[in-house]
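The values are calculated or read from the model by the stated rules, or taken from the named source; none is laboratory data. The structure displayed is predicted, hence computed values, not measured ones. Backbone-built Cβ (ideal geometry, glycine too); neighbour counts: all protein chains shown.
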Amino acid sequence: MKYDTNLINTELKNFPNMELSITPTPIYQLHRISKRLGCNIYIMREDLTGFCIGGNKIRKLDYLIGDAIGKGADTLITTAASSFSRNAAAAGKIFGFEVHVVLTGNKSEQNSASQALFQQFDSVLHYVEQTDEHSLKKEYGRIVSELSNQGKKIYHLHPGGSDAIGSLGYINAFNQIVQYSQDKGTHFNKIIHSSGSTATQVGLLLGQSISEYDVTIIGIAASQKSKIQTQRVYKLAQSTSQMLGIQFDKSKIVVDDNFMGSGYAIPSKEAELAVKMFASTEGVLLDDIYSGKAAAGLIHYAENGMFNEGDNILFIHTGGNSGLFY
Ligand SMILES: Cc1ncc(COP(=O)(O)O)c(C=O)c1O
C-alpha cells in the first residue's frame with residue numbers, strides 16, 4: 001500500500017491554516033472495546049483539538065479564520081448558540097475580529113454557561129425572539145446592513161463552519177490518517193463518524209479522493225434522512241472540489257440514518273448504551289447527539305458481523321462531550 005501525504009499538502013498549500021487546532025490529534029487502538037466487539041477498533045480523538053472547547057469545529061476554523069484574514073475582514077458573523085459559534089467567538093477574539101452571533105429566543109431563554117462563554121470572548125449577541133428561519137434571516141440581513149453601513153468588513157461564518165473553506169480542515173485531518181498509516185503500517189478499511197452540517201464528511205471524502213487511500217467512509221446521520229444528507233454532502237463536496245479544481249465521485253458518499261433515533265438531539269437507547277460502553281470500557285466521553293449516535297452505529301455493525309475479518313476500523317470522535325456538562 002502506497003501512502004503519500006504530499007498529495008493533500010499540495011492541494012492545501014495555497015490556503016492559510018491558522019493552526020488553532022493542536023495536531024496530530026491522538027489516534028490509538030481501543031483495546032478493550034476491540035476485545036469486547038471482536039474487531040480492531042481505533043479512535044481518532046478529534047474532541048482533543050485543544051483550542052477553546054475543542055471538537056471538529058477547530059479544524060474548520062483553522063482555514064475559515066485564515067480566509068477571513070486573507071479577505072481583509074474585521075468582523076465575523078454567525079448564527080446559533082452552537083459549539084461552532086462558541087469556538088468561532090474565541091478564534092475571532094484572539095485574532096482581533098469583532099464577533100457577532102445572532103441567536104433565536106430571548107436572552108432569558110439562553111443557556112447561561114453558553115452565554116458566559118460568549119461573554120469571555122466579548123462577542124456581540126443579537127436575539128431574535130421568533131425562532132422561525134424567516135425571522136432569523138430577516139434580522140441577520142438587517143444586522144449585516146447595519147454593520148456594513150458602519151464600514152465593517154464582514155465575513156460570514158456558515159452555521160457549523162460547513163462551507164468549502166471549512167471543509168479543508170477535514171481534508172487536512174485526512175492527511176493525518178494517511179500519515180498514521182504510513183508511520184504504523186496500519187491501513188484503515190472503514191472510517192465511521194457523525195455527519196451533521198457536512199463539512200467533516202466532505203473533507204474526509206475529498207481527502208480520501210486526493211490521497212487515493214482505499215477506505216469506506218460512513219457518515220452516521222445526526223439530523224437528516226440518508227437521501228437528504230447524501231444530497232447535502234454532495235452539494236458541498238461539489239463546491240469544495242470546484243474550488244480546488246479536482247474531481248469528486250458521488251458514489252463514494254455513504255450515509256446511514258439508522259442511528260438517529262426519533263430525530264436530531266433526541267436521546268436514543270442505542271446512543272445511551274454506546275456512551276456508557278465508551279465511558280466505562282475506555283474512559284472516553286461521548287455526547288448523545290453526535291458521537292454517541294455514531295458510536296451506536298459502529299457497535300451495531302460490529303455486533304452484526306458487518307465488518308470483514310481483520311478489518312481496521314477508525315472511529316472519529318468529533319467532540320461534543322462538553323455538552324455533558326452544559
Ligand atoms: C460534536 C459534533 N460531532 C459531529 C458534528 C457533525 O459534523 P459536521 O457538522 O461537520 O457534519 C457536529 C456538528 O455540529 C458536532 O457538534
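β-branched (V, I, T) and assigned to a helix (DSSP H, G or I): is that true of V144 in this structure? Considered against the rule, which asks whether it is β-branched (V, I, T) and assigned to a helix (DSSP H, G or I), V144 comes out as yes. Given the criteria within 15 Å of the ligand (Cβ to nearest atom), touching a residue at least 12 places away in the same chain (Cβ under 8 Å), surrounded by fewer than 23 Cβ atoms within 10 Å (Cβ to Cβ) and within 30 Å of G185 (Cα to Cα), does D256 qualify? Yes: the conditions hold for D256. Among the residues of the range 152-193, those that are under 26 Å from G92 (Cα atoms) and not in a helix (DSSP H, G or I) comprise K152, K153, I154, Y155, H156, L157, H158, S162, D163.
Could you tell me which residue of the range 283-310 is surrounded by the fewest Cβ atoms within 10 Å (Cβ to Cβ), considering only residues that are of a type in the set (S, T, N, Q) and either within 16 Å of the ligand (Cβ to nearest atom) or modelled with pLDDT under 95 (or both)? If you could, list the steps in order and put the result at the bottom.
Step one: filter the range 283-310 for residues of a type in the set (S, T, N, Q), giving 291, 304, 308.
If we keep only those that are either within 16 Å of the ligand (Cβ to nearest atom) or modelled with pLDDT under 95 (or both) too, we end up with 291, 308.
On the way: S291: 32, N308: 9.
Among residues in the range 283-310 that are of a type in the set (S, T, N, Q) and either within 16 Å of the ligand (Cβ to nearest atom) or modelled with pLDDT under 95 (or both), the one surrounded by the fewest Cβ atoms within 10 Å (Cβ to Cβ) is N308.
For the range 77-130, the set of residues classified as in contact with a Pro (Cβ under 6 Å, 6 or more places away or on another chain) and closer than 19 Å to T318 by Cβ consists of A80 only. Evaluating I313 against the criteria (1) in a strand (DSSP E or B); (2) over 19 Å from T49 (Cα atoms); (3) within 11 Å of the ligand (Cβ to nearest atom) leaves one unmet condition, (3). Residues that are of a type in the set (S, T, Y), in a helix (DSSP H, G or I) and either surrounded by fewer than 21 Cβ atoms within 10 Å (Cβ to Cβ) or within 19 Å of the chain's Cα centre (by Cα) (or both) within the range 198-251 comprise T200, S209, S226, T230, Y234, S239, T240, S241, S251, listed in sequence order. Restricting the range 168-213 to residues that are touching a residue at least 12 places away in the same chain (Cβ under 8 Å) and of a type in the set (D, E, K, R) leaves a set whose member that is nearest to the ligand (Cβ to nearest atom) is K190. Within the bounds of the range 225-248, is there any residue that is more than 16 Å from the ligand (Cβ to nearest atom), of a type in the set (S, T, N, Q) and within 26 Å of G292 (Cα to Cα)? No, that holds for no residue. Looking across the range 123-167 at every residue that is aliphatic (A, V, I, L, M) and within 16 Å of the ligand (Cβ to nearest atom), the one that is nearest to L206 (Cα to Cα) is identified as A164. K93 falls short of the stated requirement of being closer than 30 Å to N189 by Cβ, among the charged types (D, E, K, R) and surrounded by fewer than 23 Cβ atoms within 10 Å (Cβ to Cβ). Against the condition surrounded by 23 or more Cβ atoms within 10 Å (Cβ to Cβ), among the hydrophobic types (A, V, I, L, M, F, W, C) and under 22 Å from S167 (Cα atoms), how does A274 come out, does it pass? For A274, the condition - surrounded by 23 or more Cβ atoms within 10 Å (Cβ to Cβ), among the hydrophobic types (A, V, I, L, M, F, W, C) and under 22 Å from S167 (Cα atoms) - is not met. Taken over the range 123-141, residues that are assigned to a helix (DSSP H, G or I) and either buried (at least 17 other Cβ atoms within 10 Å of the Cβ) or charged (D, E, K, R) (or both) amount to 6.
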